[in-house]
1. With the condition being in the same structural domain as ALA149 (by TED's automatic domain parsing) and without any contact (Cβ under 8 Å) to a residue 60 or more places away in the chain, I'd like the strands (runs of 3 or more DSSP E) fully within the range 14-129 carrying at least 2 qualifying residues.
2. Which condition from (1) more than 27 Å from LYS323 (Cβ to Cβ); (2) touching a helix residue (DSSP H, G or I) at 6+ places or on another chain (Cβ under 6 Å); (3) modelled with pLDDT of 95 or more is the one that PHE249 breaks?
3. It is to be established whether one or more residues within the range 51-74 are within 17 Å of the chain's Cα centre (by Cα) and surrounded by 21 or more Cβ atoms within 10 Å (Cβ to Cβ).
4. When the residues of the range 210-241 are narrowed to those that are more than 20 Å from the chain's Cα centre (by Cα) and aromatic (Phe, Trp, Tyr), which ends up farthest from ASP262 (Cα to Cα)?
5. Filtering the range 157-192 down to residues that are in a strand (DSSP E or B) and among the hydrophobic types (A, V, I, L, M, F, W, C), which residue is surrounded by the fewest Cβ atoms within 10 Å (Cβ to Cβ)?
6. Taking the residues in the range 275-286 that are out of contact with any helix residue (DSSP H, G or I) (no Cβ under 7 Å at 6 or more places or on another chain) and outside any helix (DSSP H, G or I) as candidates, determine which candidate is nearest to ASN160 (Cα to Cα).
7. Collect the residues in the range 128-152 that are under 12 Å from TYR109 (Cα atoms) and surrounded by fewer than 18 Cβ atoms within 10 Å (Cβ to Cβ), keeping them in residue-number order.
8. Could you please let me know if ALA126 is within 24 Å of VAL12 (Cβ to Cβ), at pLDDT below 95 and out of contact with any helix residue (DSSP H, G or I) (no Cβ under 6 Å at 6 or more places or on another chain)?
Amino acid sequence: MNSESKNKTLIVCNDAGGGEILAAHVSRLISYVCRLSNFYFVITGPARKIFRDRGLITDHAGDNPISPSDVFDKISLIDDVITATSWATSLEIDFIREAKSRKIHTTTYLDHWYNYRERFGYPNEAWTANLPDEIRTGDQYAYETAKAAFPMVKVVLEPNPFFGDIKLRYKEAKNRETLLYGTTVLYASQPLSGPVSYFVKRTESSLDEFEILQRVLSSFLASGRKESFVIRPHPSENGMKFESILNKFKDKINVSISKNSDMFTDLAEAKIVVGVGSMFLVTASMCGIPTVSFIPDNCKIGDLPIGNIVKVNNDDDLTSYFKNYE
């Protein structure tokens, strides 16, 4: 992209996972080859804070209903659209379809490693109409998975720009959190009761985030560990929904809901990180923090394919891990 170009790239994103990737991607472009004025942003939901923290939010972001046709009519010089994918909104799909109808090139960055086709509406009829012209993936496993899922689309392997930022941001957070560094057991929640995507309801898992959390807390209690146990809600969750569970354990464990908006602050304070299968676990692992993925045998969620992550499938093994970790 030429920094002097009057044409604009439209960035569309709602969810946190894709937001981290796109915000890192745009930040690097601005650092080396173009200007903030080369972009037009439509950012909603949890992604807003991510973009804002990088100084990328403009007045073109918000949570009010957004008409893709109105955006394209208003900004006539858009020649490229880059999106993430979301599980609770059709925002990105709506913009992909409108852009394609106007012969504007579309690119989607995929985060995570599962349910790729479902993000675009599979198995609904004519779901392929929701696909972009190009899909970009951040690692070899994601690339091979996307190639198999989308033989009709150009798939490109491009190193995940967010991964390149992780260690630096973790180091900065550690320097800020000297007194609390490495003192907590951090649990990363994941909304398992939510849909697989905007188009597909979740049916394959018999467990939800509430039962998983209760089982993790029970294992932690049984291990006899005395560290503070901190629950970090997923960016799409309100931590208040776990209050009833906390009330069951608060007299036995020093347990609380994180109030930190920056995930690297929580990571800097963590001695161990536990979760199910979210991107947060990969981030923790890349920071060098001992990380555990607890996926019970009857919970049909795919294992994380990258990162040095311990896989635990039953409560006794999780208790044993807590008990024996130094």
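The values are calculated or read from the model by the stated rules, or taken from the named source; none is laboratory data. Treat the numbers as computed from the prediction; the structure is a model and nothing was measured. FYI the Cβ positions are ideal-geometry reconstructions off the backbone, even for glycines, and counts take in every protein chain you see.
1. In the range 14-129, 39-43, 105-109 are the strands (runs of 3 or more DSSP E) which contain 2 or more residues that are in the same structural domain as ALA149 (by TED's automatic domain parsing) and without any contact (Cβ under 8 Å) to a residue 60 or more places away in the chain.
2. (1)
3. Yes, there is a match, as at least one residue in the range 51-74 is within 17 Å of the chain's Cα centre (by Cα) and surrounded by 21 or more Cβ atoms within 10 Å (Cβ to Cβ).
4. Residue satisfying both the conditions and the ranking: PHE220.
5. LEU157
6. SER278
7. ASP133, GLU134, ASP139
8. Yes, satisfied.
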